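Please treat every number below as a calculation from the coordinates, not as lab data. Every value quoted in this text rests on a predicted model; they were computed, and no experiment measured them. Using ideal geometry, Cβ is built from the backbone for each residue, glycine included, and neighbour counts are taken over all protein chains shown.
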């Protein structure tokens, strides 16, 4: 697609303009690629306050999908040989160089945008190189070949083979990532063959990668193109795992691998060419943000089985179906060219949860979100694999239901999904006191919402440029029933200059008092009202636990206590905010909602009323059953009778850290 943008400067003073496209990758999706010395998927750190350090020029920019079956992208300029800009896993800005434009003058930016099917970036880069050959006379050639094992068998896609096309730099360290020039990345087809276009007349080599790690030997490419000698990669080991209960029934659960020896952690750890390098991904079984297997874990199928390609070594293999079940472990040795097997038994522990209690996660993402690459089917499998009963589907800025995936998997009776969305402001507009630049108003979850695939965002209204009260007014008509509004991660930091928590945006100090009337202070922003009289405090619950960070939990709990101590009484929730299988694990933490609920007779309106009334506790595993004079957790005030007893019971599965109750 060829696009032309013209900018006319109608002002009275000279201005510096950066006429460019902004390509929003989201941080967990497509990964930008730039050809050049020390580049490829490697980019300077992006600091919004010092953009000069991140700016550079390149022949084109491309991007590879993190998910299987995604599209690759490329962009190149038509009227000049390079693009200027900066790149990160969150965003790229690429276009004309920054230019001083006099009043009455104009700029024109003309470019090609390429979209191509196929893994890696080579399919998009091929088209970009062909265009540059026609535009600028840069000769290219086509190379073909195979990636095989020593016995000649083709490399399998679940080994995640990848070939970087590199050109050696000058000097003794010319092979190092910082000195070599990376031109493209090739992912072989399912039969191990590949075909790609590369610059002509250059001394290029193929640098193979398998299971997220580079191999030692490289393969030279013929300068005139043509057939490349077979790229031979080592054999891999296979691991077959079965997960079942004591009665032999298959279990849809999770399998997690960790090296037995600490020395093997670094050897088996992988990444996507140095990007998304998560410390826990040892062994690396697949992209950290993609579908199963991801990082060091995988989901079993409905028959309780999963087959994995694993680096050689000794591993502990864990089987789990969530915190309310037993945990199984076996030790296996993986050798190249062999198959190891592990049979694990995990049993549900139904007595851990009191009768009428359902577990719930009210902050969950998958591929519909701009910052997730997790396929919807794998996300739906994870609901059952982690033992969560009720899910609020809260993808960014779009209503999702998971209805089709749940139906295809046949798990309708094992989980209930409340369709919803997370509003996520991107357009800077809000100016709280002492703000030097505009802000957004943080994130909020809404459920259950009507889903209508014939409408934009599946029915979620446009939510930009709205303060919280007005935002609540706009979204509320889409509720099915009364609905729930949740303030998400109130004191979260910012992502690319966008505050993710409203209390962060207004600079709220937990030691201050919220006034009764609006004022030009941070706390005073909480009582600013919309035209309908709705304030930022008109939400139902707020996150106290978000993910597994104990530091975040401490901060968010202080915010909750600050409000409670002032009579701003809202239920506290505990949610995973999971965007992936392995980095943020679904259901850790989760809510235990009391009130006589079952999946068989699930009533979403009655369930949500118990959520709004705070009839719940948050946990990463231990089950806390607390009553005072017969009253459990909730927002309704009561006067304990004389002599009332506090009953506190803590339950946990075998293998969990032993809970203790301390009194004073």
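Data table
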read-out: Gyration tensor verdict on the stretch 586-664 (Cα atoms; rounded if a/c is under 1.5, prolate if a/b is larger than b/c, oblate otherwise); value: oblate
read-out: Against the rule of thumb 2.2 N^0.38 Å, how large the Cα Rg of the stretch 623-664 comes out; value: 1.43
read-out: At 1.567 mPa s and 4 °C, Stokes diffusion of the stretch 452-596 via Kirkwood alpha-carbon radius, µm² per second; value: 78 µm²/s
read-out: Structure-based [θ]222 nm, the chain - -39500 (n - 2.57) summed over DSSP H runs of at least 4, per residue, nearest 500; value: -3000 deg cm²/dmol
read-out: Volume per residue that the Cα convex hull of the stretch 125-247 spans, once the total is divided by residue count, Å³; value: 150 Å³
read-out: Where labels lie 7 Å past Cα in the beta-carbon direction, separation of residue 598 and residue 435 in nm; value: 5.0 nm
read-out: Acute angle (nearest 10 degrees) that the helix 550-564 long axis makes with the longest principal axis of the chain, alpha-carbon atoms; value: 40 degrees
read-out: Over the chain, relative contact order from alpha-carbon pairs under 8 Å, at least 6 apart, %; value: 9 percent
read-out: Separation between Cα centres of the stretch 78-135 and the stretch 463-491, rounded to whole Å; value: 38 Å
read-out: All-pairs alpha carbon distance profile, the stretch 353-621, 5 Å steps from 0, percent; value: 1, 6, 13, 19, 20, 18, 12, 7, 3, 1, 0
read-out: Cα centroid separation - the stretch 204-244 against the stretch 140-179, whole Å; value: 7 Å
read-out: Rg over Rh, two decimals, the chain (C-alpha only, Kirkwood Rh); value: 1.00
read-out: Debye intensity ratio in log₁₀ form over the Cα atoms of the stretch 2-232, taken at each q of 0.08, 0.11, 0.12 Å⁻¹; value: -0.32, -0.58, -0.68
read-out: Residue 47 versus residue 509: modelled label distance in nm, points set 7 Å from Cα along the beta carbon direction; value: 2.8 nm
read-out: Segment residue 494-residue 564, extension gain: residue separation times 0.36 nm, minus the distance between their alpha carbons; value: 22.7 nm
read-out: Cα-Cα P(r), the stretch 319-372, percent of pairs per 5 Å interval; value: 4, 13, 14, 12, 13, 13, 15, 11, 3, 1, 0
read-out: Segment residue 115-residue 37, length gained on full extension (0.36 nm per residue, minus Cα span); value: 25.6 nm
read-out: Distribution of pairwise C-alpha distances over the stretch 291-414, 10 Å bins, in %; value: 11, 37, 33, 17, 3, 0
read-out: Residue order, fewest to most surrounding Cβ atoms within 10 angstrom, among 479, 109, 383; value: 479, 109, 383
read-out: Ellipsoid equivalent to the stretch 11-78 - semi-axes via the Cα gyration tensor, in Å; value: 26, 15, 13
read-out: Cα shape, the stretch 237-350, gyration tensor, a/c 1.5 rule; value: prolate
read-out: FRET E, pair residue 331, residue 190, Förster distance 35 Å, beta-carbon r, rounded to 0.05; value: 0.60
read-out: FRET E, pair residue 516, residue 1, Förster distance 51 Å, beta-carbon r, rounded to 0.05; value: 0.40
read-out: Per-residue Cβ neighbour rank within 10 angstrom, fewest leading, 636, 439, 314; value: 636, 314, 439
read-out: Extension reserve of the residue 414-residue 527 stretch, reckoned as 0.36 nm per residue once the Cα distance is removed; value: 36.5 nm
read-out: Residue 216/residue 550 FRET efficiency (R0 30 Å; Cβ-Cβ; nearest 0.05); value: 0.15
read-out: Shape call, the stretch 38-138: gyration tensor on alpha carbons, a/c limit 1.5; value: oblate
read-out: Residue order, fewest to most beta carbons within 10 Å, for 660, 414, 39; value: 660, 414, 39
